[in-house]
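The values are calculated or read from the model by the stated rules, or taken from the named source; none is laboratory data. A quick note: this is a predicted structure, and the numbers were derived from the prediction, not measured. All Cβ positions, glycine included, derive from the backbone under ideal geometry; neighbour counts span all protein chains shown. For the accessible areas, the whole protein counts, side chains as well, though only heavy atoms, and no ligand, DNA or RNA atoms are used. Shrake-Rupley method; radii C 1.70, N 1.55, O 1.52, S 1.80 Å.
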Amino acid sequence: MRSTILVTGGAGFIGSHTTVALQEAGYRVVILDNLCNSKPDVLDRIAQITGIKPEFVEGDVRNDRGLDRLFETHAIAAVMHFAGLKAVGESTGQPLRYYDNNVSGSVHLLQAMDQASIKTLVFSSSATVYGDPQKLPLAEDHPRSATNPYGHSKLMVEDILEDLYRATPGWRIARLRYFNPVGAHPSGLIGESPQGVPNNLMPYIAQVAAGRHPRLKVFGNDYDTPDGTGVRDYIHVMDLAHGHVAALKYCEHAAQELLTVNLGTGRGYSVLEMIRAFEHASQKSIAYDIVARRPGDIGACWADTRLAAEKLGWHADKGIAEMCNDAWRWENVPT
Ligand code: NAD
Ligand code: UDP
């Protein structure tokens, strides 16, 4: 058995899939989650997949005493920090809630880690830190910017981590910039469970295919892309999960490290291509209307994946058909 990893936000979409990947790689996992955007039944579902139920601590990353107790009672070797809020639109209306959860939450976690001399961290950043792309594919040295509090919170935590790395010897930090995570575990046991009406394309398409919404709104067909609709680099969540394990292993072998790396496929798909792929996977037709651009959206975005391949020996394996098939299987699981 390898070491014990604390996964904050491990009951959520990406954290639960990464917990599966960690357990399958031989790590022990302790999940810390306040369940503000997830449900505890995910723990039994993880156990059904891996045969091991991760230990669960219900709590908030902003609770200092809870963190201290957790680090005192568990031999944590490293932390994967997923816990945070992620709805871009909501962040514009509730900036303080976002800064408190995402920025303050990270600072509290880092203080507790420092105190407990745990200095290995894998952090969930986002391709949103690149702002409107000046050049594609997006390489890690592309200038960063943000247009909403969610994006700012990611930029701020990236900077805090850099300051910490420079100030204190021995930190091993991976800042992983995700492109668009989609899909679900192929078992159909865990996946993405957006609350209310989804903001993101893939869960919305899945719900239209399932008959939960009559039609999809396609936000703009006048972008400078082959069919005019927005292009994104969709990455299967299990590929993303394996990227985390690779980043952890990379950090484990370093004396100190500040790694910043994209996790994407390097290939973009348009909204219309995604609709067609999902129709194929689900054998349902997906009705849609072209409507105005969504404010704040960019036209196209995909990753330069060379650094991830070079540093981590990792690349995404799963294509768009698997992403859609797995998302569709998950959509049809009775809840
Ligand atoms: P998610 O909402 O499914 O998971 C986040 C989990 O964190 C939830 O289980 C929630 O209950 C928990 N949580 C939130 N605040 C907490 C707190 N203060 N203390 C303890 N637990 C808390 O989201 P996700 O899609 O799995 O995203 C995980 C991380 O990846 C987030 O930091 C997000 O910003 C980042 N990210 C996500 C995407 C995406 O498209 N899903 C893209 C880029 C980056
Ligand atoms: N999109 C859309 N209709 C929707 C949701 C999204 O046309 O209901 C488009 C959106 O404009 C973008 C792409 O789908 O071009 C991906 O959007 P998503 O919100 O999933 O990811 P992000 O924009 O954050 O990369």
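Key figures
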read-out: Between the stretch 150-168 and the stretch 230-244, the alpha-carbon center distance in angstrom; value: 23 Å
read-out: Amide H contacts under 5 Å for Val122, placed H, 5+ residues apart; value: Val79, Met80, His81, Ala174
read-out: Whole-number accessible area per residue in Å² for the chain, which is evaluated in the context of all protein chains at 1.4 Å; value: 44 Å²
read-out: Sites Asn332 and Ala47, calculated FRET efficiency, Cβ-Cβ separation with R0 22 Å, nearest 0.05; value: 0.55
read-out: Per-residue HN-Hα couplings for the stretch 62-72 [Karplus 6.51, -1.76, 1.60; θ = phi - 60°; Hz; x = Gly/Pro]; value: 8, 8, 4, 5, x, 5, 4, 4, 4, 6, 6
read-out: Potential lengthening between Lys39 and Gln115 on full extension [0.36 nm per residue; Cα-Cα distance subtracted]; value: 24.3 nm
read-out: Rounded to the nearest 10 Å², the accessible area of Leu35 at probe 1.4 Å; value: 40 Å²
read-out: The chain: Lys pairs at Cα distance under 20 angstrom, eight or more positions apart or on different chains; value: 8
read-out: Local net charge near Lys249, Cβ-Cβ under 12 Å (Lys/Arg +1, Asp/Glu -1); value: +1
read-out: Loop-located trypsin sites (Lys or Arg not before Pro) in the stretch 277-319 whose Cβ has at most 16 other Cβ within 10 Å (DSSP); value: Lys284, Arg293
read-out: Separation of alpha-carbon centers, the stretch 15-76 and the stretch 174-228, rounded to whole Å; value: 26 Å
read-out: For the stretch 166-183, 3J(HN,Hα) per residue [Karplus equation, 6.51 cos²θ - 1.76 cosθ + 1.60, θ = phi - 60°, Hz, x = Gly/Pro]; value: 6, 7, 10, x, x, 6, 10, 10, 10, 9, 9, 9, 7, 8, 9, x, 9, x
read-out: Low-density loop cleavage sites - trypsin sites (Lys or Arg not before Pro) in the stretch 159-264, where at most 16 other Cβ are within 10 Å (DSSP); value: Arg212, Arg215
read-out: Environment charge at His74 (Cβ cut-off 13 Å; Lys +1, Arg +1, Asp -1, Glu -1); value: -1
read-out: The chain, accessible surface, carbon-and-sulfur percent (1.4 angstrom probe); value: 48 percent
